[in-house]
Each structure stands twice: as C-alpha cells, then as structure tokens.
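What follows is a short report on a single structure.
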Amino acid sequence: MMRPRARELASLNASCATVTNHTGVPHFWFEQTGPEGERLDVLVLRATFDFASCGAVMTLAHTQQEIVPGDVYAGTDGSAVMRAVVIDDGDVLPYKPGTDVLVTGSASAPDGIAAKEWIAGIRVGTLKKLLRLHGPRQFRKQMMGWSLGPAQAVTEVALDYRLAYGGCIDIPAAVTEDGKADWVGHPANPAGCGWLPDAGAYAHLPQRARAHVKKWIAAQRELAASQIEDAVEAVGNPYANVAPQGFSATARWWTPQAEMQGKYDDMWRSTRYPLLPKEFDSRFFQCASPGLVATPHLKGDETVTMLGLLPARCEMSLPGWKIIVAVTRASGVEEISLPLLDTLRFDLATRQASLVWRTHFDFDDPVLDIVIAATTAQIVRRATLSSL
C-alpha cells in the first residue's frame with residue numbers, strides 16, 4: 001500500500017518522463033505553473049548527511065529523508081490557525097532565487113550546563129546570524145509600566161517562532177460587523193509571544209472590536225516574554241515592536257513574504273486572473289528567517305560553524321556534491337542542467353543536514369528522459385571554456 005506522503009506526491013506528478021537516478025537519494029519530478037501561466041517541469045532532489053566535527057566533511061546518511069510534499073505545521077488546532085508555525089517546509093516549489101538556511105530542533109546551552117541566556121549562531125560560508133536565547137521569563141505590569149523579570153536557567157531552548165517576539169489577540173464574532181471571528185496580530189509573527197499592539201495596529205477595526213482589544217490589553221498583568229531575540233536589540237517591553245527573530249522557517253502569510261505575493265484585488269481579478277499578480281516576487285518562495293537567505297545560491301562545499309546550538313562548538317564542511325542532470329527532449333535535443341542548491345536544513349535533534357537541489361524545464365519541447373548523477377569533482381561549463 002502506498003504511504004500517505006507517497007500518495008500525495010503521486011497526485012502531483014503529471015509528467016510521463018522516464019527518470020534514472022544514480023545518486024542514491026530521493027528525487028521528485030513534477031509539474032508547476034510559472035508566473036505567466038507557462039507549464040514548468042521541475043526536478044527536485046533531497047539528500048541527507050550526518051553532521052561531522054573538527055572541520056571534517058559531512059557524510060551521506062544511511063537513511064535518507066523523503067521529499068516533503070508541502071509545508072508541515074504545528075499549532076493549527078481550531079481557531080488558532082494564524083498561530084501556526086512551519087516545522088518543515090515543503091520541497092514542491094517551482095524555484096527559489098536564493099538558498100534558504102534553516103535550523104530546527106532545540107539549541108543546547110554551552111557545555112550542556114543550564115544557563116539563563118546565551119548567544120547562538122550559525123555561519124555557512126560568508127552567511128551568518130547570531131541570536132540571544134533565554135530561559136522562560138515574564139513581562140509584568142506595574143504602576144510605571146511593564147517590566148521584564150529574570151529568566152529561568154535551562155539547558156535548551158526550542159528554535160520555535162512561538163518563543164520569538166510576536167503574538168495574536170482573538171476577536172470574537174459577537175463584536176465584529178460581519179459576525180465572523182477576527183484577530184489582530186504581529187504581522188511578522190502572529191504565533192509568537194510577548195507582544196502587545198499599539199492603538200494604530202487595530203485602528204482599522206470597527207468600534208466594538210477596537211473596544212474589545214483595548215479591554216483585553218488593559219486586563220493583562222503578565223505576559224510570557226520572548227526567549228529568542230536579536231543578539232544586540234533586546235525586547236524590553238511588549239510594545240517594543242521589533243522584528244521577530246529565529247533560525248527556523250517562517251510562514252508565507254507573515255511579512256515580508258506576504259507582501260511579495262502581490263495584490264489579489266479587483267484589478268488583478270479583471271486583468272490577470274488566474275495568473276499570479278504582475279508584481280509577484282519569486283522571493284515569496286523563500287522561507288528562511290531574515291538574514292539566512294544566501295544570494296547567489298550556495299555552492300554546497302561551504303564551511304559550517306555552529307555556536308550555542310549544540311553543547312560544544314561545531315565546525316564541519318558541506319559535502320561538496322554537485323548534481324548533474326542530462327535530459328532528452330521530445331525533439332531529440334539533449335541538454336545538461338546543473339540544479340541549484342536552494343534549501344539547507346540543519347536538524348539539531350538528529351544531527352543531520354538535508355540539502356535540496358532544484359532545476360526546471362519549459363514544456364515547449366517536453367522532457368522525455370532524465371538521467372541524474374552526483375559528483376564532488378569540479379565542473380567546468382563548456383561556455384566558460386569557449387570564452388577563454
């Protein structure tokens with residue numbers, strides 16, 4: 001019997017091309033639609049490697065992770081949909097203009113010794129990001145405003161956007177104009193904690209809804225404060241209105257991704273539907289936290305340094321794999337494609353990294369035969385040789 005994930009992938013696979021995969025890692029060949037409605041046939045590969053140490057090169061894992069057909073969420077129960085977080089981003093996308101670098105799992109305090117806070121960071125090649133992690137702590141409302149209490153000492157902090165600055169306030173259907181429940185939240189992380197909106201954030205609501213939000217805010221005496229924040233810019237109070245920080249995937253209905261999909265308004269409906277809006281930005285397909293998208297794409301042989309994520313500092317090198325795809329089209333034309341590494345996930349729980357490569361082909365002259373191989377040798381493009 002086909003497993004649920006396999007069935008989902010099979011339903012997406014509309015191409016009859018023959019694929020011969022010599023890499024030993026999972027692949028998927030599927031159909032997508034480009035911004036102007038053109039058909040694209042997309043090939044994606046996902047390889048899983050074990051972490052290394054002392055600067056060594058990662059080695060191919062014995063068990064390979066499957067292709068992920070769509071984003072996987074946590075915290076989606078009932079009316080809390082807007083508080084959902086992405087725990088695994090899907091691989092079935094047409095393209096990404098850069099490489100997403102993601103870190104999932106829980107960060108360990110240095111040497112595994114409980115601490116109230118520590119600096120955690122990752123560097124991949126020249127791309128780097130540092131954050132400050134804290135144990136659980138609370139904002140408390142006092143006579144002169146909100147104050148931040150001390151953090152508890154902990155041995156690990158989950159890299160979950162629900163522990164980053166942000167939040168969401170529910171508005172019951174009884175106080176809305178259309179009789180439907182509503183909400184007001186931090187646009188860049190409605191799943192987070194420790195945030196309160198200023199009056200401008202809910203000024204657009206009808207009077208009864210505004211009154212409900214104002215009353216809810218006034219009733220708060222304690223709020224869980226964020227445990228994940230910028231290494232330098234601290235969240236000092238619930239009204240700080242700073243950018244949420246993290247190492248894991250962001251949801252595409254959060255800003256800034258939501259702003260990159262364009263406007264689905266009356267003009268779009270009358271002039272573009274069912275195509276994407278004219279101003280659609282392909283960066284919408286990226287899901288890494290701000291500062292963790294590499295452009296141009298990573299090569300896949302970069303040095304990786306982790307600090308404050310595992311009990312000890314870790315340095316290793318990406319495997320240096322290069323994927324080569326040879327295709328034959330219906331006309332008999334043969335082509336070589338070098339897929340781009342567009343997603344790099346580090347899983348602290350399994351101590352493994354998954355690398356995702358992607359390439360796509362137009363359907364004007366359909367691809368009928370595909371051969372996939374991997375190498376660690378240097379690849380010199382023919383165009384480069386002819387230009388010497």
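Sorted on the mean count of surrounding Cβ atoms within 10 Å across their residues, most packed first, peptides 111-121, 345-355, 140-150, 64-74 read 345-355, 64-74, 111-121, 140-150. Each residue of the range 144-161 is assigned a 3J(HN,Hα), and the resulting list reads 9, x, 8, 10, 9, x, x, 8, 7, 6, 9, 9, 7, 10, 5, 7, 10, 5 Hz, derived from the Karplus form 6.51 cos²θ - 1.76 cosθ + 1.60 (θ = phi - 60°), x at Gly and Pro.
Net charge near residue 72: determine it from the other residues with C-beta under 9 Å of the C-beta of residue 72, scoring Lys and Arg +1 and Asp and Glu -1. Please report the intermediate quantities before stating the final value.
Working: positive: none; negative: 71, 88, 89.
Within the 9 Å Cβ shell, the charges total -3.
Phi angles across the range 278-293 convert, under the Karplus curve 6.51 cos²θ - 1.76 cosθ + 1.60 with θ = phi - 60°, into 3J(HN,Hα) values of 4, 8, 4, 10, 5, 5, 4, 6, 6, 9, 6, 4, x, x, 10, 10 Hz, Gly and Pro given as x. In terms of its C-alpha gyration tensor, the range 278-345 has an oblate overall shape, because the principal axis ratio a/c (a ≥ b ≥ c, square roots of the eigenvalues) is not below 1.5 and a/b does not outweigh b/c.
Among 362, 178, 50, the largest mean-square fluctuation in a Gaussian network model of the chain (Cα springs under 10 Å) belongs to 178. Counted over the range 240-370 with a bin width of 10 Å, the fraction of Cα pairs per bin, in whole percents, is 9, 26, 29, 24, 9, 2, 0.
Note down, for the range 158-211, the three equivalent ellipsoid semi-axes (square root of 5 times each alpha carbon gyration tensor eigenvalue), biggest first, whole angstrom.
Numbers: eigenvalues 114, 29, 10 Å².
Working through the eigenvalues yields semi-axes of 24, 12, 7 Å.
Residue ranges 242-251, 305-314 sort as 242-251, 305-314 when ordered by packing (mean number of other C-beta atoms within 10 Å per residue, highest first).
Which one of 366, 276, 16 is farthest out on the positive end of the charge dipole of the chain, using unit charges on Cβ (Lys, Arg +1; Asp, Glu -1) and the Cα centre as origin? Positive-end residue among those listed: 276.
Using the Cα centre as the reference, give the magnitude of the dipole from point charges on the C-beta atoms of the chain (Lys, Arg: +1; Asp, Glu: -1; all else neutral), rounded to the nearest 20 debye.
980 debye
Given R0 = 22 Å, the distance between the Cβ atoms of residue 376 and residue 19 translates into a calculated FRET efficiency of 0.50. Think of the range 109-159 as having a plus end and a minus end, set by charges on the Cβ of Lys, Arg, Asp and Glu; of 130, 113, 153, 130 sits farthest toward the positive end of this dipole.
Whole number please: convex hull volume per residue of the Cα set in the range 18-171, in Å³? Don't jump to the answer; show the numbers that get you there.
Details: hull volume 34.0 nm³, N = 154.
About 221 Å³ per residue, rounded to a whole number.
On a 0 to 90 degree scale, rounded to 10, what angle separates helix 207-219 from the longest Cα axis of the chain? With rounding to tens, the tilt is 80 degrees. Modelled spin-label separation between residue 181 and residue 349, with each label point placed 7 Å from Cα along the Cα-to-Cβ direction: 2.7 nm. Is the shape of the range 229-277 rounded, prolate or oblate, going by the alpha carbon gyration tensor and its root eigenvalues a ≥ b ≥ c, with a/c under 1.5 for rounded and a/b larger than b/c for prolate? Prolate is the answer for the range 229-277, as a/c is 1.5 or above and a/b outweighs b/c. Under 1.5 on a/c is rounded, so check that first for the chain, then, if it is not, pick prolate when a/b is larger than b/c and oblate when it is not; a ≥ b ≥ c are the square roots of the alpha carbon gyration tensor eigenvalues. Judged from the Cα gyration tensor, the chain comes out oblate (a/c at least 1.5, b/c at or above a/b).
When each of 18, 176 is scored by the number of other beta-carbon atoms lying within 10 Å, the sequence from fewest to most is 18, 176.
Filter 180/263; 96/322; 141/215; 299/322; 214/263 down to the pairs with a C-alpha to C-alpha distance above 19 Å, please. Among 180/263; 96/322; 141/215; 299/322; 214/263, the Cα-Cα distance tops 19 Å for 180/263; 214/263.
What is the fewest-to-most order of 124, 371, 232 by other Cβ atoms lying within 10 Å of their Cβ? Kindly include the intermediate steps, with their values, before the conclusion.
Working: 124 20, 371 15, 232 8.
Sorted ascending by nearby Cβ count, the order is 232, 371, 124.
Using θ = phi - 60° in the Karplus curve 6.51 cos²θ - 1.76 cosθ + 1.60, the 3J(HN,Hα) couplings for the range 29-40 round to 10, 8, 9, 9, 10, x, x, 9, x, 6, 7, 10 Hz; x is entered for Gly and Pro.
Every number in this text was worked out from the coordinates using simple rules, so none of it is lab data. This one's a predicted model, so the numbers in the text were calculated from it and none came from an experiment. Virtual Cβ from ideal backbone geometry, glycine too; neighbours counted across all protein chains shown.
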